[in-house]
Each structure stands twice: as C-alpha cells, then as structure tokens.
1. Strictly over 24 Å apart at the Cα level, which of Lys15/Lys119; Lys58/Lys109; Lys119/Lys182; Lys58/Lys119; Lys87/Lys119 would you flag in this model?
2. How large is the convex hull of the Cα atoms of region 47-97 per residue, expressed in Å³ as a whole number?
3. For the chain, what is the calculated [θ] at 222 nm in deg cm²/dmol (nearest 500), taking -39500 (n - 2.57) for each run of four or more DSSP H residues and dividing by its residue count?
4. Set the Förster distance to 41 Å, then compute FRET efficiency between Leu121 and Phe72 from the Cβ-Cβ distance, nearest 0.05.
5. In whole Å, what is the distance between the alpha-carbon centres of region 71-124 and region 2-17?
6. So between Glu170 and Phe79, what do we pick up on full extension, going 0.36 nm a residue minus the alpha carbon distance?
7. For the chain, which longest stretch is free of loop sites, where a loop site is one of the chymotrypsin sites (Phe, Trp or Tyr not before Pro) that DSSP puts outside H, G, I, E and B and that has at most 12 other Cβ atoms within 10 Å?
8. Rounding to the nearest 10 and keeping the result within 0 to 90°, find how far the Cα-based axis of helix 56-65 lies from the longest principal axis of the chain.
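Computed from the coordinates by the stated procedures, all read-outs in this text should not be read as laboratory data. If you're wondering where the values come from, they're calculated on a predicted model, not measured in any experiment. Cβ: placed from backbone, ideal geometry, glycine included. Neighbour counts: every protein chain shown.
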Amino acid sequence: MRPEEFLEIIHTSEKLKDTMRHCYTSQGRRESVAEHSWRITLMAYFLQDQFPEADMFKIMKMCVIHDLGEIFTGDIPVFAKTEQNEKTEEQLLYEWVDSLPSPYNTDMKELYEEMRERKTLEAKIYKSLDSLEALISHNESDLSTWEDHEYDLQMVYADDRVTFSRFMTELREVIREETREKIRTEGGRR
C-alpha cells in the first residue's frame, strides 16, 4: 500500500467520528459510531479469558470494521432500519472495500461474509458484543433520552444473540437487571 492510499482510507474512516448514533453517553451527548466501535473492540479484548479457543484478533478486526458502511449511509437505529437500508449500506460499503488495495479488500470481504453468516464462534461473539454494547450505552444514558418503545426493547434485545455462550447469556441477564434497576430508581416510563 502506498502512503497516499493509506491516508485516503484513514480520511474516509474519520467520518465515523462525526456519524452520530441513536445512543447518548452518560454525560448527555450523542455517541459517535467510532466510539461504539472502539468500545466493542475493548469489550472483546477483555473477553480473552472467557473464550480462549476464539481468535480474538479476528474478533477485534470484526468489531473495528463492522460499522464502516455507516460512513456512507449514517447510522440508522436497529428498530428503524429497513431491508432496503441494509442493502444500500452493503452496496456502498462493498464498492468502497473493492477499491481498497490488496490484501485488505479480500480480507475485509471475507470478514464481512463471516459476520453476516454468524456461524463461527468469532462472528457470534462480535455480534453479541455489538448488541450488548448498545444496551449498556442505553443503561448509561439518561432516561430522558429513551424513546417509549426502548423500555421494552431493553428487556428483550440481543437475547437471541447470546445463547451460544453461558457467559454471554449471564452478561445479558446482568444488563437486563441493570435496566430494571435504572427504571426503578430513575422514575420509570415517561
């Protein structure tokens, strides 16, 4: 890769710093996609002892690249994202990935395919972290930032994505209990 190609990739990915998510931080500001991606990568790092058989470097690569498509489409919350939104994001992302120098273009395509299929342990871990981080972020944010439907969503979201692992299932339950406590102590539904 030439330095100019490297710099172009880094400039493109910088857009995720200013692509805001539906989630808010504990200090009341909107979270960027880059911050979300960083945190799920950090979460993967701290799960090495729970999944010694997993390729954690691969999982961390998945976490870092998983939302790069949002450079082109912005973030659309899971509850609002349509099939057409997903197709558009994938098409634009793959056009960009195809333009990357080798071996990054093929490596990223292979990772995205593995992530989409969610058959490998690594893909299951990545996807559960992606979902659980959103729940954790909501629990850290002020209830005033929640939409009405999110009270119910916080209780059921990601349940299907953690069943492959006892630890992840237990973590999901701890997050759910944290949600219940938050609603109890901060005043419940609007």
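1. Checking Cα-Cα distances, Lys15/Lys119; Lys119/Lys182 exceed 24 Å.
2. Hull volume normalised by residue count: 104 Å³.
3. Estimated from H runs of four or more residues: -19500 deg cm²/dmol.
4. The calculated FRET efficiency here is 0.90.
5. Between the Cα centres of region 71-124 and region 2-17 lies a distance of 18 Å.
6. 30.3 nm
7. 80-190
8. Approximately 90 degrees, to the nearest 10.
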